[in-house]
There are 2 protein chains.
Amino acid sequence: MIINIDRNSSSPIYLQITSQIREMILSGTLPEGYKLPPERKLAEVLEVNRSTVLNAYRELKADGFIGAHIGQGTVVLPVVKNNIQSNDHFQEPLQWRQLFSQNASRMREPLLRDLMELASRDDVISFAAGIADPNLYPLEEIDIIQQELIRGSNKAAFLHNPTEGYYPLRESISQMMRARGVFASPEEILVTSGAQQGLDVIARAFLDPGDIVIVEEPAFFCALQIFRASGARLIGVPMDDAGMRADILESLLTRYKPKLIYTLPTFQNPSGAVMDLERRRQLLDLAWRYQIPILEDDPYGELRYEGNKIPSLKAMDHHGCVLYLSTFSKIMFPGLRIGWLTASKPVIRQLGMVKQMEDLHAGSLAQCIYDEFLRKGLLEQHIKKVNKEYLLRRNAMISAMERFAPDNVSWNKPLGGFYIWCTVPETMIKSRLLMKAAEKKVAFVPGDAFYIDEQVQNQIRLNFSYHPPELIHEGVRRLMEAIEETLLEEKRGSSSKNINMKPIV
Amino acid sequence: MIINIDRNSSSPIYLQITSQIREMILSGTLPEGYKLPPERKLAEVLEVNRSTVLNAYRELKADGFIGAHIGQGTVVLPVVKNNIQSNDHFQEPLQWRQLFSQNASRMREPLLRDLMELASRDDVISFAAGIADPNLYPLEEIDIIQQELIRGSNKAAFLHNPTEGYYPLRESISQMMRARGVFASPEEILVTSGAQQGLDVIARAFLDPGDIVIVEEPAFFCALQIFRASGARLIGVPMDDAGMRADILESLLTRYKPKLIYTLPTFQNPSGAVMDLERRRQLLDLAWRYQIPILEDDPYGELRYEGNKIPSLKAMDHHGCVLYLSTFSKIMFPGLRIGWLTASKPVIRQLGMVKQMEDLHAGSLAQCIYDEFLRKGLLEQHIKKVNKEYLLRRNAMISAMERFAPDNVSWNKPLGGFYIWCTVPETMIKSRLLMKAAEKKVAFVPGDAFYIDEQVQNQIRLNFSYHPPELIHEGVRRLMEAIEETLLEEKRGSSSKNINMKPIV
């Protein structure tokens, strides 16, 4: 019996002893009935404490490898062989559903996937997905960049890159952030495989099951899904015209001890709302006083069609409470899957370790392409171009709403971003409206997906970035028709049993 | 006081009541001292069970929002405002380290990152990283494919794609798998952001903290890291010439109830070993009888330099126990981050939900590039080309070992893959050898990283795919010199206190 102890190992010594004896028993090196040395003797020879050997023997006993009888010492027990004797015992394939983890069971049916599928059907006018119009993609510029990359034999595009990102891209993003009023070194930037991964990495780095996350309500549904999947408990703060309500937030911070405050303060998804300057100051002040990190999600900040710029929370963050997340998906292409997080170096280091688990690093070719695009100054031009177009589309949607919407439908007029947030009559049953809209070949996202409890049934999100103005006009016409017909049918049929709304004294 | 109950919501009714009353209290709609209706009355009006209202009130009491006194009924308590009065209370920046999750604390220092960094330094001959030689990249073919993609206005390369992958690529992979003897429909394939993500998605879908995973020892260290990070307990099965030992495996299956068996059966990383046919049959039989999924990791299977092909476990899997994972990283580029998983449809669906959390989908441009490469039949050609070259490199390394290695160093001669697994004298201290090698500008991976307890200190992994034969020759010369010098220094100095190896009667 030979046992090797490595005192520099991170594995406790008793476990080293346990695993080596276990292996010797299983391999037959120590046969049934073999008498192990007394604890004291083994401890002496290995130069370890007697309690260490005691612990090892206890583990082996608990697992049924060895037994002790008074007078006989400690002996190796017979190794139990398989108690299932034949192949025929199981006829079924593996019971996969029973094998999945609890984590997996928290991952819900993929709303987003369905949305992406709907949007890709040619005959449907989709206001559902939140994506840029592919006809606006700057493909000519990208063509040139790709040729330069390959012909310049820039192998970085095909090689591994550091987990935190292709360094030149981190520099370019750092420059771009400076133009947005945020002074972050390249080392304070983590390139992620899209903003989705940014959310997931934050959730894994900060949240344990049972932790509390404060979110504004309504909120981006993918964020809600990810926080839920981590086992966190979500608590919502309602919004008013100035954004997340600070008075309610403060009461919640006092009462709960949240691990994170999640907000999308500029051209919010879904509401289009912008948090005002005073509210931003209040939020930062609260986060600082209660020592709670804020995750600022900012995919739409650059997509402003009127009014003056407002600084991001990160740009106003003097205490380093803000984790800033953004992406190229809304301003460029969703398919290249590149986003970024800005935070202090120790946070980036920890987030990098989580990201490394997930995919080692973001795609190198995609990182090289965006880097070149930024270095050539093309992004600013491109944003100017799309903002001009999206302004027309927003106006087209608003005009069509004004023309076709029945009296009991209302909406906001967002200054930027991708969405109009629309209130429909309370009595309307969501599933009926969805079906009616599908018949008329128009799609939208029902608002309940953006609420924690999915209670609010009378709102819908309409995207205006994907289709040109003519199609927006036609789509709104179809949708409003669908709303009117649904209301009419409901009036005719039995009244809603779905929503129970009663005033109480 | 108005309360809306949605009986179709997935949120329990008592929680709907709780959150709405909480919001009304925090917003001041229900002021301090406001008397809530008696439980029975509220239950009647809302048409819910009395116990539902009781539960809601109990939650609100527990959180200190309401209180009950005999004779007074249930009243709203004063809302506790912030008990921290001034900005000056905290002077420090956020205590980030205290804010990280337990999960995050299980993510260890990134060995792989360091390896990638070492390999990228020009003056070092690195046998450390397991990557293909960039000089063998088929860049001309890729250049043509990229031009075709852009000029053909294939916007799929820049748009969102389904989480499971770009469908044409799933078809191409399905075809390729057929050539490998695996009949899997495109729907049984999930495109991942590299094999790393495949491992992580499997871990998240199957493992809860405390679950047991069986691994062969030694094993691919990233897999060990990922399983550990999920909180699983790892149990190792030693290998012999035929692969993972089936007798020991069976005993472990009987005794523990593992959730997963992880194996890399063909040209294993790090040992280069190939599991033989008989052992493959035994492993499949055991997995089937004990109903444990096998994760077969197969990045190197196509990189065979001599001998006959051996079928993958998946190709021999009649019962559907095997989750098959592979990647383009070793046969093409690591930087495009594309791998794939093959499993039955319900498993792919669940894995897709996990993947969606992580990054929505793998990069579209990279998927389109690989799809075209496969459709043009270029992959087979490319593999033939690199296999010819890697054979030369393996031979160069073996010859150099034969020429320069001291007597007490031994090694295997792998038939494929990327690695030679080398045994050095037991007494050698790892850190000294690493330092000595660094001085001589040669790098390797110490073998302990491939063991669960990191106990085994006398093995090292040498990659032979990255450098041309001349550099391999020179690198081996330097490394063997480093080994001899380290041994000499240790003989001269005090003998090792590090490893304690004693025979016991």
Quiz item: Does the stretch A:27-43 contain any residue that is modelled with pLDDT of 85 or more, within 13 Å of another protein chain (Cβ to nearest Cβ) and under 15 Å from B:ILE248 (Cβ atoms)?
Solution: yes
Quiz item: Within the stretch B:432-454, restricting attention to residues that are among the basic types (Lys, Arg) and at pLDDT 90 or above, which residue is surrounded by the fewest Cβ atoms within 10 Å (Cβ to Cβ)?
Solution: B:LYS441
Quiz item: Can you pull out the strands (runs of 3 or more DSSP E) entirely within the stretch B:272-378 that have at least 1 residues that are polar (S, T, N, Q)?
Solution: B:322-327, B:339-342
Quiz item: Can we say B:LEU169 is at pLDDT 95 or above, more than 11 Å from chain A (Cβ to nearest Cβ) and in contact with a Cys (Cβ under 8 Å, 6 or more places away or on another chain)?
Solution: yes
Exercise. Out of B:LEU277, B:LEU284, B:LEU303, report the one residue that is surrounded by 22 or more Cβ atoms within 10 Å (Cβ to Cβ) and not charged (D, E, K, R).
Key: B:LEU303
Quiz prompt | the stretch A:246-272 residues that are more than 7 Å from chain B (Cβ to nearest Cβ), paired with ones that are among the basic types (Lys, Arg) and part of a helix (DSSP H, G or I) (beta carbon under 8 Å, 6 or more apart) | solution = A:ALA246/A:ARG279; A:PRO265/A:ARG280
Quiz item: If you take the residues in the stretch A:146-160 that are more than 7 Å from every other protein chain (Cβ to nearest Cβ) and buried (at least 19 other Cβ atoms within 10 Å of the Cβ), which one is nearest to A:HIS473 (Cα to Cα)?
Solution: A:LEU149
Quiz item: Of these, A:TRP421, A:TRP411, which one is modelled with pLDDT of 95 or more and over 22 Å from A:VAL124 (Cα atoms)?
Solution: A:TRP411
Quiz item: Among the residues of the stretch A:44-64, how many are at pLDDT below 85 and not in a helix (DSSP H, G or I)?
Solution: 2
Quiz item: Which of the residues that make up the stretch A:463-492 are more than 34 Å from the chain's Cα centre (by Cα), within 14 Å of A:SER431 (Cα to Cα) and aliphatic (A, V, I, L, M)?
Solution: A:LEU487
Quiz item: If a residue has to be within 10 Å of another protein chain (Cβ to nearest Cβ), of a type in the set (A, V, I, L, M, F, W, C) and surrounded by fewer than 22 Cβ atoms within 10 Å (Cβ to Cβ) to count, how many in the stretch A:316-351 make the cut?
Solution: 0
Quiz item: Is one or more of the residues making up the stretch B:82-97 at pLDDT 80 or above and touching an Asp or Glu at 6+ places or on another chain (Cβ under 9 Å)?
Solution: no
Practice problem: Answer with yes or no whether B:PRO406 is assigned to a loop (DSSP other than H, G, I, E, B) and crowded, with 18+ Cβ neighbours inside 10 Å. | Solution: no
Quiz item: Can you tell me which of A:LYS413, A:LYS436 is part of a loop (DSSP other than H, G, I, E, B), among the basic types (Lys, Arg) and outside the structural domain of A:LEU303 (by TED's automatic domain parsing)?
Solution: A:LYS413
Quiz prompt | the stretch A:446-459 - residue that is within 22 Å of the chain's Cα centre (by Cα) and among the hydrophobic types (A, V, I, L, M, F, W, C) and, of those, farthest from A:TYR137 (Cα to Cα) | solution = A:ILE452
Quiz item: Applying the selection to the stretch A:352-363, what residues are over 26 Å from B:ILE150 (Cα atoms) and more than 7 Å from every other protein chain (Cβ to nearest Cβ)?
Solution: A:GLY352, A:LYS355
Practice problem: Filter the stretch B:219-245 for residues that are more than 11 Å from the chain's Cα centre (by Cα) and touching a residue at least 24 places away in the same chain (Cβ under 8 Å) and give the result. | Solution: B:ALA219, B:GLY231, B:ALA232, B:LEU234, B:ILE235, B:GLY236, B:MET239, B:ASP241, B:ALA242, B:GLY243, B:MET244
Self-check item: Search result, residues across the stretch B:457-477 that are under 17 Å from B:ASP122 (Cα atoms) and part of a strand (DSSP E or B)
Solution: B:ASN463
Quiz item: Are any of the residues in the stretch A:47-56 within 11 Å of chain B (Cβ to nearest Cβ), more than 47 Å from the chain's Cα centre (by Cα), closer than 24 Å to B:GLU217 by Cβ and β-branched (Val, Ile, Thr)?
Solution: yes
Quiz item: How many residues does the stretch B:430-462 hold that are of a type in the set (Asp, Glu) and more than 14 Å from every other protein chain (Cβ to nearest Cβ)?
Solution: 1
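The values are calculated or read from the model by the stated rules, or taken from the named source; none is laboratory data. Remember, it's a predicted structure, so these values are computed and weren't measured experimentally. When we count neighbours, we look across all protein chains shown, and the Cβ atoms used for this are built from the backbone with ideal geometry, even at glycine.
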